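Here is the structure we will look at, set down as C-alpha cells.
Nothing in this text is a laboratory measurement; each read-out follows from the coordinates by a stated rule. The structure displayed is predicted, hence computed values, not measured ones. Every residue, glycine as well, gets a Cβ built from its backbone with ideal geometry; the counts of neighbours run over all protein chains shown.
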C-alpha cells in the first residue's frame, strides 16, 4: 500500500488513552511495519547514519511487537533475531545491500502477514465482544485479506472500504485508527474484508510461519553469507 500513511491515535483529543494503548501510537504504519523499516533503512543507510538508524529501528521493532498478541517468549526471540541485524549494521559488519536483502526478504515472507494479523487481533478482536466462533472466522478473514493486500490482489478502493469501518481518513490522506471500535463496526469490517478476499480468490489455507524461526532463517541466510565472505 505505497503512499498511504497510517496512525493510531485517539479519535478525540480529550480522550484519555486506555492502559497499554501507548503501544499503538506510531508503531504500525499498519499493514506494513517492515515496509516502513525497509524505507527507513534504505534512505538513511545511504547517508551512513548507522547509530540513528539503529535507534529508530529498535524503537519500531519494540513497539510493533508490543502491539501484537504473540506469546511473550516469541516476542523476545523475534526481537533478539532482529537485534542481530541492527547490531551488525551499527558495527558496520553488514553492508547496505545486505541490509536491503534482509528487509526485502522480511517484507516478502509470510511473516509479514502473520505479524500484521497478530497486531490487528490484539488491538481489536481480542478486546471485542465477538464470540469465539466469530473471532476464529475473523482471524481467517484477516489472514486472507492481508494476504490479498500484500500480493496486490485487492484494489486500493476496496482496502479503503474495509478501513473505513475502523479508522477515519484525514484531509491529508492519513488514516487515524480508532482506539475504540464497536462490535458492529468490527463485523462490518470483517464482512467487507471477506467479500474482498473472496472476490480476489484468496484461498483459506494462507501460509503461516513461526515468527522467530522465520526471522532466524532470513537473518542467518544473509549474515551467514557475510560471515563466510569474511573468512
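With R₀ fixed at 35 Å, the C-beta to C-beta distance from residue 136 to residue 168 puts the FRET efficiency at about 0.80. Please report, to two decimal places, log10 I(q)/I(0) for region 99-155 at q = 0.21, 0.23 Å⁻¹ as given by the Debye formula with identical point scatterers on the Cα atoms and no solvent. For region 99-155, the Cα-only Debye profile gives -0.81, -0.90. Just to verify a number: FRET efficiency for residue 127 and residue 93, C-beta to C-beta distance, R0 = 35 Å, to 0.05? So, using R0 = 35 Å, E works out to roughly 0.25.
Expected output is a single nm value to one decimal: the length gained when fully extending between residue 204 and residue 83, i.e. 0.36 nm times separation in residues minus the C-alpha distance. What is it?
40.2 nm
The packing ranking, built from the mean of other Cβ atoms within 10 Å per residue, places the peptides 77-87, 121-131 in the order 77-87, 121-131, highest first.
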